[in-house]
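Heads up: the structure comes next, in structure tokens.
The values are calculated or read from the model by the stated rules, or taken from the named source; none is laboratory data. This is a predicted model, so every value here is computed, not measured. Using ideal geometry, Cβ is built from the backbone for each residue, glycine included, and neighbour counts are taken over all protein chains shown. Keep in mind that these areas ignore ligands, DNA and RNA; they rest on the heavy atoms of the full protein, side chains included. Shrake-Rupley method; radii C 1.70, N 1.55, O 1.52, S 1.80 Å.
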Amino acid sequence: MRPRLLVLHILFASLMLIVLGRLWDVQIRSGDRYAKAATESHIRHVVVPPVRGEIVDSRGRPLVRNRTAMVVSVDYVALTHQRDGGRAVLERLAGALGLPYQELASRVRLCEAGVRRPCWPGSPYQSIPVAEQVSRRSALQIAERPELFPGVSAELLPVRQYPYDSLGAHLLGYIAPGGELDPATGVGLEGRDGLEAVYDADLRGSAGSRQVVVDTTGQVVRTVSEVGPVAGNTLVTSIDAGIQQIVERSLRTAVTKARGDSGAAVVMDVRTGRIVAMAGYPTYSPSVWTGGISTAEYRKLRGRLAFRAIQGQWPPGSTWKITSTAAAVRAGYDLNGTYSCPGSYMVGDRSFRNFDGIALGTMNLHRALSASCDTIFYRFAYELWLKGRRDLMPSNAKAFGFGRTTGVDLPGEAAGRVPDRRWKRATWLATKAINCKKDKRRSAYVAAIAKEQCLEGYRWRAGDAANFAIGQGDVLVTPLQLVRAYAALANGGKLFSPRVAKAVVAPDGRTVRTITPPVVGRLPVSGKVLAYIRRALSDVPRDGTAAGAFHGFDLDKHPIAGKTGTAESYGKRDTSWFASFAPAAKPRLAVVVMISQGGTGASAAAPAVRRIWEGIYR
């Protein structure tokens with residue numbers, strides 16, 4: 001028995017030595033390597049979002065800033081470790097916040113393949129904000145009973161604030177969750193629409209990062225390292241908040257009084273190409289986007305989201321005559337000549353009438369602009385058409401910047417339309433199949449029009465040229481395009497690509513870059529002709545078509561030049577325009593107002609422009 005026991009002891013001792021040796025190897029000699037490997041397999045990288053930069057006006061007044069608000073967030077990992085997956089916690093939280101359970105449940109879902117928004121695009125190891133601007137009472141109710149709300153926290157965090165509420169809503173835009181999580185953007189929030197979108201890279205700043213160790217259940221054990229975020233830059237704009245308020249108030253009043261359906265207004269510095277104010281109506285408050293928006297709320301907003309100042313397109317009416325005058329002089333018509341203004345003018349076999357069919361007698365071009373005689377411009381267009389110079393007026397209008405985007409630093413700008421022979425043929429080819437198709441449901445009139453378009457819709461007719469000369473027919477412009485053209489007329493011919501942003505400033509006050517509107521062209525009009533047109537437009541508010549609207553305004557102290565426009569629209573009331581600049585002799589600002597279905601230019605848009613100038617001049 002003794003030899004057997006001895007062997008057993010030796011075997012046991014050997015096994016113990018092997019175990020102790022292995023333990024020493026793992027824990028002492030290779031301990032650091034194994035610890036590092038174990039830790040690395042459980043390290044998670046969490047993005048720390050930066051504070052977004054402010055947007056301020058030309059005087060430094062904040063248009064968009066950040067403020068602290070009580071935000072309720074949910075720990076996704078802690079929630080999913082509940083027996084029921086966190087349903088009971090979310091139901092209690094929904095009751096405390098007064099929100100539907102389904103809304104909270106959808107917000108804490110991770111954005112994965114097949115999961116539709118709303119969902120969380122960030123890391124599951126970040127706190128997921130589910131409610132912003134929570135009342136203090138609700139926050140305390142959550143904070144004081146952690147046993148009922150495990151994984152739920154309430155803390156003060158920065159959120160977007162709009163000090164002027166709806167002021168400049170279309171200009172400013174908003175922020176919302178983007179697509180997939182981008183480490184450079186924090187939790188996937190990005191600028192949507194307006195300046196927030198165009199200058200998103202400047203405003204968002206740089207995200208920080210945090211490395212955390214998690215255990216096998218996904219719970220965070222400790223923080224390994226952390227790099228703080230860098231706040232976003234401040235965007236300085238050329239917008240004057242005071243003038244913007246005047247413009248929006250005047251526009252709202254004009255649309256309401258005229259019973260129009262919408263409107264737009266733009267104020268531009270003619271010397272620099274900077275936008276001083278720009279508004280569209282109806283508008284909305286961008287604060288609705290803070291904390292997310294429901295489908296029902298979005299439906300209510302849809303008709304208010306389009307920025308009509310840069311996206312809306314309408315025939316310009318008689319405001320267009322500055323391009324037609326320049327084209328006529330370029331064609332050889334005497335700038336100082338006299339012309340007859342009958343009540344109607346025959347273009348081919350069709351009579352084109354003056355406004356209300358009124359004959360105004362013989363006059364020069366100065367009076368033709370201030371009194372807005374249509375028949376003189378019909379004559380110019382028809383005679384040029386007969387001479388085969390059918391592209392002169394369209395090409396001249398394009399040189400004024402129409403028919404293409406201005407390049408303004410805002411998204412979604414429309415290009416407008418300058419119809420010519422090439423456009424007419426392209427449209428005919430695109431619609432030929434429809435027009436040539438026989439349809440018994442068409443009325444006799446519609447069938448006749450379709451047949452004519454089918455056979456000869458590619459022709460640039462004399463009537464097309466006549467309508468073009470007075471800004472009717474197929475001509476379409478945006479309010480921004482029109483104010484830019486009038487700014488070029490006022491400054492001697494420089495055509496700017498307008499800019500709303502002025503500079504990008506770092507959090508430490510250092511100017512990162514200055515944003516200057518580039519000159520993208522010059523009007524093909526001599527200084528003599530431009531000066532003549534400016535003098536003619538200075539008489540429009542004195543004794544021309546806008547004299548009634550400016551009655552009592554001190555034009556001697558504050559001389560204003562402008563042009564009314566009344567554009568017909570099939571099946572709707574007229575579109576009302578007034579384009580202006582001042583001081584007339586040495587212009588600084590240009591102001592344009594458009595009222596859709598507002599009536600004549602003198603009755604709706606011109607009074608609105610007057611109120612804007614009164615506000616500017618106090």
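Counting only protein heavy atoms and a 1.4 Å probe, the stretch 322-380 has 42 square angstrom of accessible area per residue. Whole-percent P(r), the stretch 578-618, all Cα pairs, 5 Å bins from 0: 6, 25, 30, 21, 13, 5, 1.
A straight chain from Asp556 to Ile434 at 0.36 nm per residue would run longer than the Cα-Cα distance by 38.2 nm.
Per-residue packing, averaged as other Cβ atoms within 10 Å, sorts the ranges 409-419, 394-404, 317-327, 345-355 into the order 317-327, 394-404, 409-419, 345-355, beginning with the highest.
Return the carbon/sulfur percentage of the accessible area of the chain, one whole number, probe 1.4 Å, all protein chains in place. Using a 1.4 Å probe with all protein chains present, the chain comes out at 52 percent carbon and sulfur.
Ignoring aspartates and glutamates fewer than eight residues from Lys440 along the same chain, the ones with Cα atoms less than 19 angstrom from its Cα are Glu452. Against the chain, whose longest principal axis is taken from its Cα atoms, helix 527-538 shows a tilt of about 90°. Here the spin labels are modelled as points 7 Å beyond Cα on the Cα-Cβ line, and at Lys586 and Asp508 they lie 4.2 nm apart. The Glu103 and Ser287 beta-carbon pair, evaluated with R₀ = 25 Å, returns a calculated FRET efficiency of approximately 0.85. The length gained on full extension between Cys119 and Arg87, counted as 0.36 nm times the residue separation minus their Cα-Cα distance, comes to 9.9 nm. Using the 1.4 Å probe convention, the accessible area of the stretch 488-612 works out to 40 Å² per residue with neighbouring protein chains retained. Each peptide in 131-141, 373-383, 190-200 receives the mean, over its residues, of other Cβ atoms within 10 Å, and ordering these scores from highest gives 373-383, 190-200, 131-141. Within the stretch 381-407, what residues put their amide N at less than 20 Å from the label point 7 Å along the Cα-to-Cβ vector of Ser340? Correct set: 381-387. The calculated FRET efficiency for the pair Arg59 and Thr253, based on their C-beta separation and a Förster distance of 25 Å, comes to about 0.50. Placing +1 on the Cβ of every Lys and Arg and -1 on the Cβ of every Asp and Glu, with no other charges, gives the stretch 223-351 a dipole of roughly 400 debye about its Cα centre.
Rolling a 1.4 Å probe over the heavy atoms of the protein chains gives the stretch 384-445 an accessible area of 62 Å² per residue. Each peptide in 335-342, 579-586, 271-278 was scored by the mean count of other Cβ atoms within 10 Å over its residues; highest first, the order is 271-278, 579-586, 335-342. Compared with the dominant Cα axis of the chain, that is its longest principal axis, helix 241-258 is turned about 60°. Under a model in which nothing but the beta-carbon of Lys, Arg (+1) and Asp, Glu (-1) is charged, the chain shows a dipole of about 1340 debye around its Cα centre. Relative to the dominant Cα principal axis of the chain, helix 374-386 is inclined by about 90°.
Of His551, His366, His81, the order by accessible heavy-atom surface (1.4 Å probe, DNA, RNA and ligands excluded), from most exposed downward, is His551, His81, His366.
Counting other C-beta atoms within 10 Å, and keeping those with at most 14, which DSSP coil trypsin sites (Lys or Arg not before Pro) do you find in the stretch 541-606?
Answer by residue number: Lys557.
Of Lys321/Lys398; Lys528/Lys557; Lys321/Lys451; Lys494/Lys528; Lys528/Lys563; Lys398/Lys502, which sit over 21 Å apart, Cα to Cα? Check vs 21 Å cut-off fails for Lys528/Lys557; Lys321/Lys451; Lys398/Lys502. Given the alternatives (i) 80, 50, 48; (ii) 141, 63, 46; (iii) 88, 83, 53, Cα extents along the principal axes in Å as computed for this entry is given by (ii). With the dipole of the chain worked out from charges on the C-beta (+1 for Lys and Arg, -1 for Asp and Glu) around the Cα centre, which of Ile434, Tyr458, Ala561 lies farthest toward the positive end? Result: Tyr458.
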